[in-house]
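Notes to accompany the following structure.
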Amino acid sequence: MRLLLIGGTWFLGRVLAESALQRGWSVTCFNRGKTGRDVPGVRSIRGDRFDPASLDALAAQGGWDAVIDTSVYEPPEAASMAQALRSVAARYALVSTVSAYRHWPEQPCEEASPLWPSRPDARESDPDVQALPRPFRYGTLKSGCEQAVLDVFGDDTLIVRPGVILGPHEYVGRLQALLRRAKRGGQILAAGSPDQPIQPVDVRDLAAFLLDQLATGRTGTYNITAPSGHATYGDLLTGCVTAVGADAELVWVDAQWLLDQGVKEWTQLPLWRTPQGTWRVDSRKAQQAGLRCRPLTETIIDTWRALQAEPLVDHERQREHGLPAEQERELLQAWQAASGASVC
Ligand SMILES: NC(=O)c1ccc[n+]([C@@H]2O[C@H](COP(=O)([O-])OP(=O)(O)OC[C@H]3O[C@@H](n4cnc5c(N)ncnc54)[C@H](OP(=O)(O)O)[C@@H]3O)[C@@H](O)[C@H]2O)c1
């Protein structure tokens with residue numbers, strides 16, 4: 001297989017490059033060479049996807065059996081890349097997101113659920129996109145990216161819509177924030193219920209699924225999450241404490257009480273999210289097509305190892321994650337006063 005990766009150096013792209021090389025595939029990576037390093041063994045083509053001349057130069061170095069576009073965020077760049085590659089790539093795989101669903105996370109979703117309305121020319125700066133609350137802009141634009149690629153590649157398009165992706169080198173830093181907090185030990189504020197099901201997918205399992213689909217020539221659209229019942233929020237936090245070998249105690253605090261205190265779900269307390277559809281993403285179609293999800297403990301342990309071996313790619317969103325130590329202490333004391341829980 002001759003594979004072209006748009007990007008290929010941070011997280012999902014990096015794992016795709018490593019995994020495809022392990023399969024003996026010929027792998028080309030197109031990126032600016034600005035923020036990450038190419039995986040050894042790939043053929044590297046430098047260029048900026050915003051620059052039409054770079055796209056012409058890229059296409060001139062084809063062809064490929066498949067392209068995977070991991071990291072496009074605005075529809076015009078999805079459209080221009082797809083148009084540039086249509087004559088030199090047989091299939092186009094686009095990494096979208098469950099955020100593309102109009103009613104997620106408030107409601108459960110399956111592949112047929114409605115997407116955010118969008119346009120192939122939509123930009124984040126457009127007034128109609130700016131009018132949306134910030135978290136919904138991302139999904140609207142990704143929905144437009146899907147449409148832009150489908151307009152060009154039609155039935156030769158593979159779209160994956162992952163929920164939250166975890167694993168080594170994840171640069172948003174969700175699991176990393178939990179691991180660092182666990183390492184500090186002591187009483188750890190744990191939100192809601194330990195029995196809350198969660199569905200994060202390991203980046204390596206997502207990559208394997210994508211490559212398997214391309215190898216067998218399958219196209220179509222797939223939600224990508226761990227199956228319902230795969231793990232709980234309690235498994236995640238306990239797994240972090242165990243992985244770092246900390247002397248720590250989880251103090252479970254009522255979800256509504258935390259929201260009333262203004263604690264930011266999803267960021268200050270990563271992977272804690274209360275809308276009822278958050279962890280009800282139907283990914284049975286992908287599982288039937290071969291998605292296999294490793295145990296969450298493996299993801300946690302490997303992420304902790306990677307974090308100690310190598311710094312993360314610097315990303316602005318890392319700063320959003322985690323609760324400042326002082327705020328956590330104050331919240332635990334206030335929770336003790338409100339509930340009678342035993343907090344040191
Ligand atoms: N994290 C999650 O939980 C989650 C959940 C659902 C979906 N997703 C989706 O998963 C994907 C993650 O992708 P990733 O960031 O890990 O991909 P990646 O391919 O590993 O990294 C991004 C690449 O894009 C390159 N790049 C950036 N700007 C560029 C430009 N103007 N021209 C050419 N190349 C450029 C970067 O290199 P240079 O800077 O050197 O150019 C880098 O190689 C995203 O599509 C995201 O929406 C993530």
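The values are calculated or read from the model by the stated rules, or taken from the named source; none is laboratory data. Computed from a predicted model, the values in this text were never measured in an experiment. Cβ coordinates were reconstructed from backbone atoms using ideal geometry, including for glycine residues, and neighbour counts include every protein chain displayed. These area figures cover heavy atoms from the full protein model, side chains too; ligands, DNA and RNA do not enter into them. Shrake-Rupley method; radii C 1.70, N 1.55, O 1.52, S 1.80 Å.
What percent antiparallel are the DSSP beta bridges of the chain, to the nearest 5?
5
On each of the three principal axes of the Cα atoms of the range 117-157, give max minus min coordinate, whole Å, ordered largest first.
33, 16, 12
If each of GLU124 and GLN318 carries a label point 7 Å out from its Cα toward its Cβ, how far apart are those two points in nm?
1.9
Taking loop as defined by DSSP and a crowding limit of 10 other beta carbons within 10 Å, which trypsin sites (Lys or Arg not before Pro) in the range 95-184 fit?
Details: sites: ARG102, ARG123, ARG137, LYS142, ARG174, ARG180, ARG181, LYS183, ARG184; in loops: ARG102, ARG123.
Within the range 95-184, no trypsin sites (Lys or Arg not before Pro) qualify (loop, at most 10 other Cβ atoms within 10 Å).
Let me know the Kirkwood hydrodynamic radius for the chain, please, with Cα pairs as the basis and the value in Å to one decimal. Each step should come with its number before you reach the end.
Numbers: mean 1/r = 0.0476 Å⁻¹.
It works out to 21.0 Å.
Rolling a 1.4 Å sphere over the protein heavy atoms, what is the accessible area per residue of the range 1-98, to the nearest Å²? Show your work: numbers first, answer last.
On the way: 3860 Å² over 98 residues.
Ligands and nucleic acids excluded, the figure is 39 Å² per residue.
Counting other C-beta atoms within 10 Å, and keeping those with at most 15, which DSSP coil trypsin sites (Lys or Arg not before Pro) do you find in the range 257-344?
Working: sites: LYS264, ARG273, ARG280, ARG284, LYS285, ARG292, ARG305, ARG317, ARG319, ARG329; in loops: LYS264, ARG273, ARG280, ARG292.
Qualifying residues, ordered by number: LYS264, ARG292.
Find, among the trypsin sites (Lys or Arg not before Pro) in the range 27-66, those assigned to loop by DSSP (not H, G, I, E, B) with at most 14 other beta-carbon atoms within 10 angstrom. Present the calculation step by step, with values, prior to reporting the outcome.
Working: sites: ARG32, LYS34, ARG37, ARG43, ARG46, ARG49; in loops: ARG32, LYS34, ARG37, ARG49.
When the trypsin sites (Lys or Arg not before Pro) of the range 27-66 are filtered for loop state and at most 14 Cβ neighbours within 10 Å, LYS34, ARG37 remain.
Whole angstrom only: what separates the Cα centroid of the range 16-56 from the Cα centroid of the range 257-322?
What the calculation gives is 27 Å, centre to centre.
Label-point separation (nm) for ASP65 and THR242, each offset 7 Å from Cα along Cα-to-Cβ?
Output for this residue pair reads 3.9 nm.
Using a 1.4 Å probe on the protein heavy atoms, what percent of the accessible area of the chain belongs to carbon and sulfur?
Working: 7280 of 14830 Å².
Carbon and sulfur together cover 49 percent of it.
Taking only protein heavy atoms into account and a 1.4 Å probe, give the accessible area per residue of the range 120-271 in Å².
Values: 5640 Å² over 152 residues.
With the other protein chains kept in place, the range 120-271 gives 37 Å² per residue.
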